[in-house]
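A short write-up of the structure that comes next.
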Amino acid sequence: MAAHSPWRCLLALGLCRRPYRGRWVAALASACVASVSASEGPPWPAGFVDAAQAVPGLVVEARYAGADNFIGRPIAGYGAARCVLTVQAASALAAVQQELQAFGLGLKVFDCYRPQRAVDDFVRWAQDLQDQQRKAEHYPRVDKQDLFKEGYIARRSGHSRGSTVDLTLVARENGAEGGRELDMGGRFDLFDSSSAGASPQPTPAQRANRLLLRALMKAHGFRPYAAEWWHFTLVGEPHPETWFDFEVR
């Protein structure tokens, strides 16, 4: 077997024994071997992949690589609009995506692996109480000085361990790639009590959309974060005590 064959790559990560099927395994295998290719230095450590290659049809809207986020500018450490995840998290996400096909739906990710330098950038911004240009869109009912106390900003993030993802559901009309976002009753990174997964504030239809996302993510091994309907971490993540700082590129 070639040194960088797809199957050797998956076997090394313990994934060949899992019940993934057909093109989903092929896509994951290709992404895995690409991440450890000897012809070019890998842009991230072994065991990480570009989720867009591993999850067919995944929509990537990397908010922190641009200006559409709660700070209003690109964030440190995001050199590309890419979703990088551990192979284990990407494989579980592929299973969610596969099941969503029956509903005519798909996944859109807003953030995946997050470098520690990006978290540090968030902290510096939160300490600058003069910068409130995105308050109306992202924290209209919370004083910026309370973002730490309320748990919206922290000095460490599970995203930096590589198996946490922020995402939503999109409707795939006529099987087209992409699609419109389902109404979740609040935007991504809305720092507000209404963003809690179990909040009673959204409408019944909005709560149903949240529950569908939550149920499918839990069914495939992800743990929801109670305060944010969009935030999920892989149970049994491979790096539970490691916070990485390599650039997304």
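Would it be correct to say that residue 183 is out of contact with any strand residue (DSSP E or B) (no Cβ under 9 Å at 6 or more places or on another chain), surrounded by 14 or more Cβ atoms within 10 Å (Cβ to Cβ) and assigned to a loop (DSSP other than H, G, I, E, B)? Show your work before the answer.
On the way: out of contact with any strand residue (DSSP E or B) (no Cβ under 9 Å at 6 or more places or on another chain): yes; surrounded by 14 or more Cβ atoms within 10 Å (Cβ to Cβ): yes; assigned to a loop (DSSP other than H, G, I, E, B): yes.
Judged against the criteria, residue 183 is a match.
Take residue 198 and decide whether it is over 25 Å from residue 70 (Cα atoms), surrounded by fewer than 19 Cβ atoms within 10 Å (Cβ to Cβ) and free of Cβ contacts under 8 Å to residues at least 60 places away in the same chain.
no
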Under 6 Å by Cβ, and 6 or more places apart or on different chains, what pairs join a residue from region 86-110 that is in contact (Cβ under 8 Å) with a residue 24 or more places away in the chain with one that is basic (Lys, Arg)? 104/172; 106/172; 110/63
Take residue 66 and tell me if it is surrounded by fewer than 20 Cβ atoms within 10 Å (Cβ to Cβ), at positive phi and either touching a residue at least 60 places away in the same chain (Cβ under 8 Å) or not basic (Lys, Arg) (or both). no
Would you be able to tell me the number of residues in region 130-150 that are under 19 Å from residue 75 (Cβ atoms) and either without any contact (Cβ under 8 Å) to a residue 60 or more places away in the chain or assigned to a loop (DSSP other than H, G, I, E, B) (or both)? 10
Among the residues of region 134-163, write down those that are closer than 30 Å to residue 49 by Cα, of a type in the set (A, V, I, L, M, F, W, C) and surrounded by 15 or more Cβ atoms within 10 Å (Cβ to Cβ). 153
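Read-outs: derived from the displayed coordinates by stated rules, not from any lab. All values reported here derive from a predicted model rather than from experimental measurement. Please note: Cβ atoms are built from the backbone with ideal geometry, for glycine as well, and neighbour counts cover all protein chains shown.
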